[in-house]
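Working notes, structure below.
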Amino acid sequence: MADLLVASDATRVFPLELDRKYPVVVRGEGAWVEDSNGKRYLDAMSGGSMAATLGHGRREIIAAAAAQAAGLSYVHNDRVTNPWREQLAAELVEVAPPGMTRVRFVTGGAEANETAIQIARAYHVERGDARRWQVISPAQAYHGPTMATLALTGRPGLQAPFGPYLAKHRHIPPSTWRFDPSGEAALAALDRVLEEVGPENVSAYFCEPITAAALPAYTPPERFWRGLAERRDRHGFLICYDEVVTGIGRTGHWFAAEKLPLVPDVIATAKGLGAGYAAIGGVLCSDHVYQAFAHGSRRFTLGHTWDGAPLSCAVGLKVLEVLRAERLIERVREKGPGLRDELAAALAGVPLVREVRGHGFLLGVEYVDPRDGKSFLPPELGVARRVDLTAMQQGLIVYSTMPTRDGFAGDQTLFAPPFTTSDAELTQMVERFAETIRAVVRSLEGELA
Ligand SMILES: Cc1ncc(COP(=O)(O)O)c(C=O)c1O
């Protein structure tokens, strides 16, 4: 393989950013990946997308996948089922929040969320309540790039130029320190939206229980969750959690839902279920949702070619086995607060950094304009991009974004290491990140005069 940074004019791949040069990553082991020049990076983003929760090169998962591929790799689920799919569904139900009794497998996060939207809508139709279609969700979120999931966020910056294809769902602002520290404004906004669209037309409230890249490690205040639960009881919509990132251990629990004061009706999960070794997601639903189908049409037939295939389910089973055997979710729960504190201490006194948030191994760093300590940074400074490029130079992979034009968050960095990262490697990640931020601050001198 060529020894280079790949730019858009040197490849047949259609890259995400045409003016970025991409290192060619050729191997990985544990929390490290290596590029074609032999440069090693600490992977503080679990493969870049938070999927590789168990680190790279896990031989037992690779062996399980190889054995499964040799025995029965693939069979579709419309006329037959298979033991791995059955067992994985049973194991997920066992670790899911109370009341979740059924699982539909899919191939990834956006598919899981789309299926959740469809299940919520079909649930109401099955019950003879066909008016309900509208979804309400927090604006500052990401649920996937498909038309249905893109419509779930309220971010014009992400949705352009696809607006004409997107369903007109409604959104409320996040309850961050900047907009609504108590959660009351979000509840008032929710009430306003319910009033405007008519609660009898609302199918679901859809959200990440703890946000990933869109607003790293943010979760609304408890007051909001309790108010949301009251409104569900009053108005009869469902609550769907996008646990594509937070599911399967990322926050130190099987599902982030466990720690919130309400039980959702539907949970979509994906990344950590395959841990980067298979493309698999799942949608869990509570028994009362399933019973609407069981007592109704007894059908929900939409699905995809790879849903519940033996190969991906066998990988999912092995992933759950490794998580249990190595007590990795417990490790994330125990180490998470210390990691957040270490990161906060390493960045203390840097006026660019306003907040360091964390839940388990999902951490976020929020930047502000140091001149007043609260405004978004001027977008033309491109701080998020500087952070990521500088980190790469330091041999560290993090993920920064600048959703400033959406109006709810400015430059920010997500930090989500594999659960298997050793204590020494976590410390090294923090050190490299602090050095990155110091270098970015130096690079901004003069530009922020
Ligand atoms: C919270 C969240 N939901 C949904 C998705 C979409 O998942 P996928 O890329 O597997 O379709 C992502 C992807 O990053 C995500 O972070």
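The values are calculated or read from the model by the stated rules, or taken from the named source; none is laboratory data. Keep in mind that this is a model prediction, so the values were computed, not measured. Heads up, the Cβs are rebuilt from the backbone with ideal geometry, glycines too, and the neighbour counts pull from every protein chain shown.
Side notes on the structure shown:
- Only residues that are out of contact with any helix residue (DSSP H, G or I) (no Cβ under 8 Å at 6 or more places or on another chain) and either more than 10 Å from the ligand (Cβ to nearest atom) or of a type in the set (A, V, I, L, M, F, W, C) (or both) were counted across the stretch 201-212, and they come to 2.
- Number of residues in the stretch 228-258 that are in a loop (DSSP other than H, G, I, E, B) and either under 17 Å from Leu92 (Cβ atoms) or among the acidic types (Asp, Glu) (or both): the value is 11.
- Single condition Ala90 does not satisfy, out of (1) under 27 Å from Leu150 (Cβ atoms); (2) over 17 Å from the mean Cα position of the chain (by Cα); (3) of a type in the set (A, V, I, L, M): (1)
- Residue within the stretch 100-117 that is more than 16 Å from the ligand (Cβ to nearest atom), in contact with an Asp or Glu (Cβ under 6 Å, 6 or more places away or on another chain) and under 18 Å from Val266 (Cα atoms) present: yes
- Cβ pairs under 6 Å, 6+ apart, first in the stretch 104-125 and modelled with pLDDT of 95 or more, second of a type in the set (Val, Ile, Thr) and more than 16 Å from the ligand (Cβ to nearest atom): Tyr123/Val289
- Among the residues of the stretch 284-318, those identified as among the aliphatic types (A, V, I, L, M) and touching a Phe, Trp or Tyr at 6+ places or on another chain (Cβ under 7 Å) are Val289, Ala292, Ala309, Leu311, Ala314, Val315, Leu317.
- Each residue in the stretch 45-77 was checked for being within 16 Å of the ligand (Cβ to nearest atom) and part of a loop (DSSP other than H, G, I, E, B), and 4 pass.
- Qualifying residue in the stretch 242-249 (condition: more than 13 Å from the ligand (Cβ to nearest atom), surrounded by fewer than 19 Cβ atoms within 10 Å (Cβ to Cβ) and modelled with pLDDT of 95 or more): no
- The residue that is surrounded by the fewest Cβ atoms within 10 Å (Cβ to Cβ), counting only those in the stretch 276-291 that are more than 19 Å from Asn113 (Cβ to Cβ) and more than 19 Å from the chain's Cα centre (by Cα), is His288.
- From Leu396, Leu389, Leu328, residue being closer than 30 Å to Gly38 by Cα and without any contact (Cβ under 8 Å) to a residue 12 or more places away in the chain: Leu389
- Conditions (1) touching a Phe, Trp or Tyr at 6+ places or on another chain (Cβ under 7 Å); (2) more than 14 Å from the ligand (Cβ to nearest atom); number of the one not met by Gly236: (1)
- Check on Arg132, of a type in the set (D, E, K, R), at negative phi and touching a strand residue (DSSP E or B) at 6+ places or on another chain (Cβ under 8 Å): yes
Per-residue answers, yes or no, for (1) more than 20 Å from the chain's Cα centre (by Cα); (2) farther than 20 Å from Thr251 by Cβ:
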| site | (1), (2) |
| --- | --- |
| Ala391 | yes, yes |
| Phe415 | no, no |
| Leu426 | yes, no |
| Ala439 | yes, yes |
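- All helices (runs of 4 or more DSSP H) inside the stretch 268-375 with 1 or more residues being within 16 Å of the ligand (Cβ to nearest atom): 271-274, 310-325
So that you can scan it fast, the table gives a plain yes or no per residue for (1) of a type in the set (Lys, Arg); (2) touching a Leu at 6+ places or on another chain (Cβ under 9 Å); (3) more than 16 Å from the ligand (Cβ to nearest atom):
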residue	(1), (2), (3)
Arg12	yes, no, yes
Asp19	no, no, yes
Tyr22	no, yes, yes
Gly28	no, no, yes
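- Of residues in the stretch 192-233 being charged (D, E, K, R) and in contact with a Phe, Trp or Tyr (Cβ under 9 Å, 6 or more places away or on another chain), the one nearest to Phe419 (Cα to Cα): Glu208
- Any hit, the stretch 218-227, residues being within 16 Å of the ligand (Cβ to nearest atom) and outside any loop (DSSP other than H, G, I, E, B): no
- The single residue among Ala151, Ala96 that is without any contact (Cβ under 8 Å) to a residue 24 or more places away in the chain and among the small types (Gly, Ala, Ser) turns out to be Ala151.
- Scanning the stretch 121-150 for residues that are more than 17 Å from the chain's Cα centre (by Cα), part of a helix (DSSP H, G or I) and within 16 Å of the ligand (Cβ to nearest atom) turns up just one, Met147.
- Qualifying residue in the stretch 78-92 (condition: within 16 Å of the ligand (Cβ to nearest atom), outside any loop (DSSP other than H, G, I, E, B) and of a type outside the set (Ser, Thr, Tyr)): no
- The listed residue being over 19 Å from Tyr205 (Cα atoms) and of a type in the set (A, V, I, L, M), out of Ala90, Ala120, Ala110: Ala90
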